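The values are calculated or read from the model by the stated rules, or taken from the named source; none is laboratory data. Fair warning: this is a prediction, and the values are worked out from it, not measured in the lab. Note that we place each Cβ from the backbone using ideal geometry, even for glycine, and neighbour counts take in every protein chain shown.
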């Protein structure tokens, strides 16, 4: 009986098993089962139907648009995220607390509202919309609107990942590099960036996954013009509403695949660079 | 390289961290900036480095006014308390960093950089560790790498900010001796910041004692220890005992009793300072006499606490641990060296 509890914080065997079982059952029900459903539904009518539905012009256009949006939104948010994290972690200024709160805004606000904000800003009744239109620039119900809404929704990811990391690291390394004669740019490229690269990569992966998967905000500003302003998530919904289940799930499986690839990529990098990761995170 | 600090003032958000400080650092000397936390010693070091800009005043490197130069232009070697090694680089890459980032015209060939870095690694007695990462080294080893990295750029001045502050006592003592050797071999003008008086007394050619953003005293360790010029230095460096006295008729008095010390022309209320170990036991009335409150042996000495005079001011003196007087209940003594400061001056105490 003396060995029943090896230490004060460990539970008895049955309790451990129960907890693990609950955890696994939960994951199976809410994560594995839906994923399985998506892929099985997509492949129900065989590989031929799967690929031909992906090759339809509308599907191709949706895939292209989603990639375009991600290619624009993710780099912009990387630049913004690094700037914001740098400013917050390394300088003291008025309104810093406000900036940190504002960065979280897209997380706390409903994506639909984020979309509506752009409708108000660039819609027919707004000041900016008609003015831009007179120069031939369409924002709402066009690609620029989708890009703007996506940037809004995804901008906390990189910044959120980097702020605690950079705050923790302080400015000692940068001061050391400067004292050794490095310019500001050299210091950033050779010292700051390598110090944050793992956090940055993680932020980029999350940011990218969200940029490609965003539905709510994009749905409001896109206008859902088939073949022009429908991204993959929008196309999935439209196909599903038209009872075209195979095509809908084929496209959905592509999105799900993206999520899986992201996870595998991250694990692979962590495994490949685990030594260096330990060295970088090992503190001073 | 001589460094001259001329009436430098530094304010952070209107709070003055340094008040018009002037200091001449001689070429090739090892000087310690010593003071409690908040005394401005690190600020002064960072101002010399160019990591901070003075609010007022100038800093000269030799004849050249360096006040407006950036940290890169000053060509200094800076060693940080927490090493600040680049954790994603190997030891060798860390040491060669300063040479690798030079513009093409002044950058040595990569083979030369490597050779120089390896030489320095050897110089800091870490040969063979070139491929390690900083987190695979002990604290002492990391600080050696940091020093090698700073030396690689052939700095005009070497600046160390509490270089041993994060190390344990044993390693501290070892590195202290080693730093002295390095200094003697390279001859760099070296400024180091410390709050540890033992470190400063042992290591430095000269001390600059600081308090509350001002320089209290500059001098050799012996001068500062033997002849402190202010109550603060007396309290901060070494141990001191302090008594309130009255100076009258060319003598010092406590509670109406002459204590056998001349007043040296001073009249009025004052504070008498002396070192607890720097006393002679005497017999007779004209001396400092007190009742023994406690007497305990501390290693090789016996520390006796005495209550002196009518208002029983408490002070400590040291005797050899086997001195027979250690058993007595009443002792009379005379400080061998002492200093008297007018009472008004004694408002600063070690926090």
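Here is how the numbers come out for the structure above:
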| quantity | calculated |
| --- | --- |
| Matching entry among A:173, A:104 (being assigned by the TED database to the domain that holds residue A:67 and under 30 Å from residue B:163 (Cα atoms)) | A:173 |
| Residue B:147 being in a loop (DSSP other than H, G, I, E, B), surrounded by 19 or more Cβ atoms within 10 Å (Cβ to Cβ) and in contact (Cβ under 8 Å) with a residue 60 or more places away in the chain | no |
| Identity of the residue in region A:68-109, outside any helix (DSSP H, G or I) and in contact with a helix residue (DSSP H, G or I) (Cβ under 8 Å, 6 or more places away or on another chain), that ends up surrounded by the most Cβ atoms within 10 Å (Cβ to Cβ) | A:104 |
| Residue check for residue B:239: modelled with pLDDT under 90, part of a loop (DSSP other than H, G, I, E, B) and within 28 Å of residue B:203 (Cα to Cα) | yes |
| Boolean, residue A:219 is within 14 Å of chain B (Cβ to nearest Cβ), part of a helix (DSSP H, G or I), touching a helix residue (DSSP H, G or I) at 6+ places or on another chain (Cβ under 7 Å) and at pLDDT 90 or above | no |
| Out of A:269, A:277, A:206, sole residue that is out of contact with any strand residue (DSSP E or B) (no Cβ under 6 Å at 6 or more places or on another chain), surrounded by fewer than 20 Cβ atoms within 10 Å (Cβ to Cβ), at pLDDT below 90 and closer than 28 Å to residue A:106 by Cα | A:206 |
| Meets criteria (more than 30 Å from residue A:247 (Cβ to Cβ) and surrounded by 11 or more Cβ atoms within 10 Å (Cβ to Cβ)) for residue A:23 | no |
| Considering residues of region B:150-165 that are over 19 Å from residue B:33 (Cβ atoms) and not in a loop (DSSP other than H, G, I, E, B) only, the residue farthest from the other protein chains (Cβ to nearest Cβ) | B:151 |
| Count of residues meeting criterion [within 12 Å of the chain's Cα centre (by Cα) and assigned to a helix (DSSP H, G or I)] in region A:140-158 | 8 |
| Candidates B:181, B:174, filtered to the one that is surrounded by fewer than 16 Cβ atoms within 10 Å (Cβ to Cβ), touching a residue at least 24 places away in the same chain (Cβ under 8 Å), outside any loop (DSSP other than H, G, I, E, B) and in the same structural domain as residue B:77 (by TED's automatic domain parsing) | B:174 |
| Any chance residue A:193 is free of Cβ contacts under 8 Å to residues at least 60 places away in the same chain, within 14 Å of chain B (Cβ to nearest Cβ) and in a helix (DSSP H, G or I) | yes |
| The listed residue being under 30 Å from residue A:264 (Cβ atoms) and within 14 Å of chain B (Cβ to nearest Cβ), out of A:200, A:206 | A:200 |
| Odd one out for residue B:72, checked against (1) under 24 Å from the mean Cα position of the chain (by Cα); (2) within 15 Å of residue A:173 (Cα to Cα) | (1) |
| Flag for residue B:27 being at negative phi, in contact with a strand residue (DSSP E or B) (Cβ under 8 Å, 6 or more places away or on another chain), touching a residue at least 60 places away in the same chain (Cβ under 8 Å) and surrounded by fewer than 17 Cβ atoms within 10 Å (Cβ to Cβ) | yes |
| Residues of region B:1-51 satisfying the condition of being assigned to a loop (DSSP other than H, G, I, E, B) and over 20 Å from the mean Cα position of the chain (by Cα) | B:1, B:13, B:14, B:50, B:51 |
| Given (1) at negative phi; (2) assigned to a strand (DSSP E or B), number of the condition residue B:57 does not satisfy | (1) |
| Count - residues of region A:127-139 that are over 21 Å from residue A:73 (Cα atoms) and either part of a loop (DSSP other than H, G, I, E, B) or modelled with pLDDT of 90 or more (or both) | 3 |
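Residue-wise test of (1) modelled with pLDDT of 95 or more; (2) more than 30 Å from residue B:222 (Cβ to Cβ).
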residue	(1), (2)
B:44	yes, no
B:55	no, yes
B:78	yes, no
B:81	no, no
B:87	no, yes
B:94	yes, yes
B:108	no, yes
B:126	no, yes
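Each row is one residue, and each column tells you yes or no for (1) under 25 Å from the mean Cα position of the chain (by Cα); (2) in contact (Cβ under 8 Å) with a residue 60 or more places away in the chain; (3) assigned by TED's automatic domain parsing to the domain that holds residue B:225.
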site: B:268; (1), (2), (3): no, yes, no
site: B:277; (1), (2), (3): yes, no, no
site: B:289; (1), (2), (3): no, no, no
site: B:297; (1), (2), (3): no, no, no
site: B:307; (1), (2), (3): no, no, no
site: B:322; (1), (2), (3): no, no, no
site: B:337; (1), (2), (3): yes, yes, no
site: B:340; (1), (2), (3): yes, yes, no
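Here is a yes/no grid of residues against (1) in contact (Cβ under 8 Å) with a residue 12 or more places away in the chain; (2) surrounded by 14 or more Cβ atoms within 10 Å (Cβ to Cβ); (3) more than 23 Å from residue B:11 (Cβ to Cβ); (4) facing chain A (nearest Cβ under 9 Å):
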| site | (1), (2), (3), (4) |
| --- | --- |
| B:35 | yes, yes, no, no |
| B:58 | yes, yes, no, no |
| B:62 | yes, no, yes, no |
| B:67 | yes, yes, no, no |
| B:86 | yes, yes, yes, yes |
| B:92 | yes, yes, yes, no |
| B:98 | yes, yes, yes, yes |
| B:107 | no, no, yes, no |
| B:120 | yes, yes, yes, no |
